[in-house]
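The values are calculated or read from the model by the stated rules, or taken from the named source; none is laboratory data. These numbers come from a predicted model, not from an experiment. A quick note on method: Cβ atoms are made from the backbone with ideal geometry, for glycine too, and the neighbour counts reach across all protein chains shown.
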Amino acid sequence: MNETTTDAEQAIRLACQAQDFQSAATRAFEAYGQEVLSFLTARLRSVPEAEEAFSMFAEDLWKGLPGFGFRCSVRGWLYALARNAANRHASAPQRRAGRNLPLSPDGAVTALLDRARSETQMYKRTDAKDKVRALRERLPHEDQTLLILFIDRGLPWREIAMVVHEQGEELDDDSLDREASRLRKRFERVKAELKAMAIEEGLLKG
């Protein structure tokens with residue numbers, strides 16, 4: 001973790017220990033809201049749908065903080081919440097457009113959500129990496145998630161195992177290690193597949 005991330009993790013932990021969950025949620029959104037929304041945008045490939053899933057994620061964060069056991073980093077836990085929100089949103093028969101959660105009495109957290117939405121512009125970039133991103137989008141969602149969490153976000157494999165496992169925080173240490181090992185091997189296969197696609201498209205030499 002970098003210094004900024006470490007400071008955020010400590011601040012959130014101290015706020016939860018003091019049962020000041022509003023401050024903990026506010027700090028979590030300040031530290032990680034923008035990157036989580038960017039993750040959801042990449043996952044759902046639609047800005048409006050990502051914003052709807054982000055609102056679901058925000059509600060889950062707000063409700064889940066009192067029971068969060070800090071077995072993993074807050075950042076890792078947030079990605080697990082975001083992935084679950086994306087899955088629920090994608091399978092929902094009706095979208096909940098225009099949702100505006102009253103997450104705090106003074107609207108502070110809602111304001112942070114709005115700021116994260118306005119600042120997240122990564123999906124609009126048109127640089128030299130566009131073709132590589134297009135190749136990644138041809139992969140299954142779970143493989144894309146592995147690439148995002150490990151390459152783009154730098155999460156350790158044990159935390160990635162918690163993120164992608166439906167009941168991640170219920171895994172014991174041995175099961176978590178086995179899942180992390182399985183995901184590392186899967187990542188190597190995905191990386192090889194992506195390289196082969198890039199060669200086929202002429203982006204890399206064989």
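Is it the case that some residue within the range 50-68 is under 17 Å from N84 (Cβ atoms), touching a helix residue (DSSP H, G or I) at 6+ places or on another chain (Cβ under 8 Å), in contact (Cβ under 8 Å) with a residue 40 or more places away in the chain and not in a helix (DSSP H, G or I)? Yes, the range 50-68 contains at least one residue that is under 17 Å from N84 (Cβ atoms), touching a helix residue (DSSP H, G or I) at 6+ places or on another chain (Cβ under 8 Å), in contact (Cβ under 8 Å) with a residue 40 or more places away in the chain and not in a helix (DSSP H, G or I). Just checking, which of T5, T26, T41 is part of a helix (DSSP H, G or I), at pLDDT below 85 and not assigned by TED's automatic domain parsing to the domain that holds Q144? Residue meeting the stated conditions: T5.
Of the listed requirements (1) of a type in the set (S, T, Y); (2) at pLDDT below 90; (3) in a helix (DSSP H, G or I), Y79 misses just one: (2).
A92 passes every criterion in (1) without any contact (Cβ under 8 Å) to a residue 40 or more places away in the chain; (2) under 17 Å from Q22 (Cα atoms); (3) among the hydrophobic types (A, V, I, L, M, F, W, C) apart from (2).
Out of everything in the range 19-36 that is of a type in the set (G, A, S) and surrounded by 19 or more Cβ atoms within 10 Å (Cβ to Cβ), what residue ends up being nearest to F57 (Cα to Cα)? Before the answer, list the steps.
Quick first cut of the range 19-36, residues of a type in the set (G, A, S) only: 23-25, 28, 31, 33.
If we keep only those that are surrounded by 19 or more Cβ atoms within 10 Å (Cβ to Cβ) too, we end up with 24-25, 28, 31, 33.
On the way: A24: 15, A25: 12, A28: 12, A31: 15, G33: 10 Å.
Checked the range 19-36; the qualifying residue nearest to F57 (Cα to Cα) is G33.
When we screen R158, R178 for residues that are surrounded by 14 or more Cβ atoms within 10 Å (Cβ to Cβ) and modelled with pLDDT of 90 or more, the only hit is R158.
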